[in-house]
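Below is one structure, written out as structure tokens, with a few remarks after it.
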Amino acid sequence: MRTGGPNGPISILSSPGWVVGTTYYDLQSNGSTGSRIVMDSLGGAHFCWIGSASSQLTPRYRYYRFLSENGDSIPAVQLGGGTQSGFGGIDLYNGAINHSLRDIAVLGYHDASGLNDIFAFDSGRGVGSFSYDISGFPEGAGVCIWPSVSIDINDNIQAVATQSNVETGRLRQHIYSRRPFGSQNWTSPIVIDTTYADSPVITSSPVSSKSAIVWTSPIFQDSNQYDNDLFYLQSIDGVNWNIPGGRTNLTNYAPSAQGDTTLRAFCDVDAVYDFDDNLHLIWNAAYVTRDSADEMVVLYRSALFHWSAASGIDLVYEHPVREWPCDMGAWNLSIGKMSIGVDADSNFVYVVFTRFDPSDYADFDTVYADPNPCGGDNAMPCANGELYMTWSTDGGDDWATPVDITNSQSPDCLAGNCDNDNWSSLAELVDDHLHILYIDDKDAGSAVFGEGEATENPVLYMAVPNPTRFLGGCLYIPGDINDNGDANGVDVSYAVNYFKGFGAPPPVICADCPNPGQALYAAGDVNSNCQFNGVDITYFVNFLKGVGPALSFCPDCPPSGR
């Protein structure tokens, strides 16, 4: 696929999107992916990411870029900070008090060389000329970095950060602070919890003064980043926080035991308020058990969950694979790095996440010890990720079958030729499209942790048509052959009966597809070759068994919505 944009680079890629920039530093977050893309009120897109121009992965900096609603773009801007600045997030002023500030970007990130957080303020909408608050953010009991940032409806800057000056594997504090609109000062830090993982994110309501923090907190049966419940804390006015009494444990997972499995929240979480002022949370969880020495065993099995006060906890998706010939790399489960957004018109919610597949992993030298394996001491091949999306039209009770939106499998790839799609961020505001920023890592695994080789990786922006809005084209869900709103084994039976001649044809047929004058039962073309036949049924069955790639669709006749 040829990609590029106004004033931007041109590349030949398998993974789809517009090239915002490139980076050798593939890892964009340890835990929660956070907000690295935000859409403004005019339809412009504001991006940020960690970038390094060196295969040595240093120096590294925070970068910003803006793409207008008309397709105009400024070049990528390297933000101020030390030579190890990086992890953080982005949001925009609402202009509630001073309308001239509307849609101006504010970025929070850490300056690791000075061990402090920096906040950057653009001089105008998409200008790329920043002023900086370098030393104002409080430290708490220790230096706190990895900030998550949200600007509330009153234009107060809300932020949480995590203590860094402790050894790996030790408990670290998470602190909250706020910079009120019009002030140059941050409020005194409040410790919200002490945990083993860099998970906290903060979000604010688009229709009220509410803000909420969500994170994973230790159960303390074991002392590691896997052994967690999911917590959240909400402020009704964005000012007063009831700590510790307001902290809510949503999961209360059971103790793990030998011969049994239970769930544990990992360190990937996200949160969003819908336009009815309801809070939605998502998180991934690992299945764990215990061995004969009564030590935790983290299984290669994970699931994705959603919670709201109205729906309670619902399963969004569980990975069907249990046995893996490869590993997902540091700080990844087989499902992870997810983010959530809301359609302002319908109030439907959408989730984008990384899903790894056991048949798609990088070349691995089994004769000579591979120098850059994944899996730590297990020394396994590094898996390539794909980005998936799913959505709910009833507030999170029910979820559509996830759809592969990058569809760029690259099994047995060599360094520089892989398409490991990971570290995505979905803009909270969904319109006619889902707006996504992600990394097309050209060698699977994270080079930051010695997994795979350091490669120059495209930072990609992808606008995926909103599947719940009719944007023209053909209305269907890939694999939903019987058109009942889901894709499952019933659709396989429906197609088999049709091919045997004693069943009705699929209800949805797409005209002028793949070419003018032709027609296609597009929901059945799950292997994306623009034909519907028995090969698709085999492909579908393999997917349901967890031994084949995801369901796809004819690229000349993509689904436009439902």
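Quick note: the coordinates plus some simple rules give every number you see, no bench work behind them. None of the values given here were measured: they were computed from a predicted structure. Here the Cβ is made from the backbone with ideal geometry for all residues, glycine too, and neighbour counts use every protein chain on show.
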Ranking of LEU79, LEU57 by count of other Cβ atoms within 10 Å, fewest first: LEU57, LEU79
Estimated vicinal HN-Hα couplings, Hz - segment 527-533 in sequence order (Karplus 6.51, -1.76, 1.60; Gly, Pro = x): 9, 6, 9, 6, 9, 10, 7
From the Cα gyration tensor of segment 58-137, with a ≥ b ≥ c the square roots of its eigenvalues, which class applies: rounded if a/c is under 1.5, or else prolate if a/b is larger than b/c, or else oblate? oblate
Tell me, for the chain, which Cys residues have no other cysteine's C-beta sitting closer than 4.7 Å. CYS48, CYS144, CYS267, CYS326
Can you tell me the orientation of helix 489-500 relative to the chain, as the angle in degrees between its alpha-carbon axis and the longest Cα principal axis, to the nearest 10? 20
Please identify the longest segment of the chain free of exposed GluC sites (Glu not before Pro), where exposed means a DSSP state other than H, G, I, E or B and no more than 15 other Cβ atoms within 10 Å. 324-455
Contact order normalised by length for the chain, with contacts defined as Cα pairs under 8 Å and 6 or more residues apart; what percent is it? 10
Once normalised by the length of segment 385-480, the mean sequence separation of its alpha carbon contacts under 8 Å that are 6 or more apart gives a contact order in percent of 22
Among LEU115, LEU387, LEU92, which comes first, second and so on when ranked by fewest other beta-carbon atoms within 10 Å? LEU115, LEU92, LEU387
Under the rule a/c < 1.5 gives rounded, and otherwise a/b versus b/c splits prolate from oblate, where does segment 451-562 land using the Cα gyration tensor? oblate
Under 5 Å from the placed amide H of ASP26, counting only residues 5+ away or on other chains, we find ALA447, VAL448
Segment 470-562, relative contact order in percent, only Cα pairs under 8 angstrom and at least six apart counted: 35
Order of PHE130, PHE220 - criterion: other Cβ atoms within 10 Å of each residue's Cβ, fewest first: PHE220, PHE130
Per its Cα gyration tensor (rounded if a/c is under 1.5, else prolate when a/b beats b/c, else oblate), segment 66-108 is best filed as oblate
Sort out for me the Cα centre separation of segment 491-562 from segment 318-369, rounded to whole Å. 24
Sorted by chain and then number, the residues having a modelled amide H within less than 5 Å of the amide H of ILE509, at least 5 places away or on another chain, are none
In whole percent, the Cα-Cα distances of segment 230-330 spread across 5 Å bins from 0 upward as 2, 10, 18, 20, 18, 13, 9, 6, 3, 1
Apply the Karplus parameterisation 6.51 cos²θ - 1.76 cosθ + 1.60, with θ equal to phi minus 60°, to every residue of segment 154-171 and state each ³J(HN,Hα) to the nearest whole Hz, in sequence, with x for glycine and proline. 9, 6, 7, 8, 9, 8, 10, 8, 10, 4, 10, 8, 10, 5, 4, x, 9, 5
Nearest-ten-degree value, helix 534-545 long axis tilted from longest Cα axis of the chain: 40
Which one of ASN332, VAL492, GLY82 has its Cα pushed farthest toward the positive end of the charge dipole of the chain, where Lys and Arg give +1 and Asp and Glu give -1 at the Cβ? GLY82
What size of dipole, in debye to the nearest 20, comes out for the chain about its Cα centre when the only charges are +1 on Lys and Arg C-beta atoms and -1 on Asp and Glu C-beta atoms? 800
Using 0.36 nm per residue, how much length does the chain from SER493 to SER292 gain when fully extended, once their Cα-Cα distance is taken away? 68.0 nm
Scaled by the rule-of-thumb 2.2 N^0.38 Å, the alpha carbon Rg for the chain gives a ratio of 0.94
Just to check I understand the Karplus step: with θ = phi - 60° and J = 6.51 cos²θ - 1.76 cosθ + 1.60, what whole-Hz values come out for segment 16-32, glycine and proline as x? x, x, 9, 6, 7, x, 9, 7, 7, 7, 6, 5, 10, 6, 6, x, 3
Quick check: Cα centre of segment 71-98 to Cα centre of segment 171-235, how many Å? 22
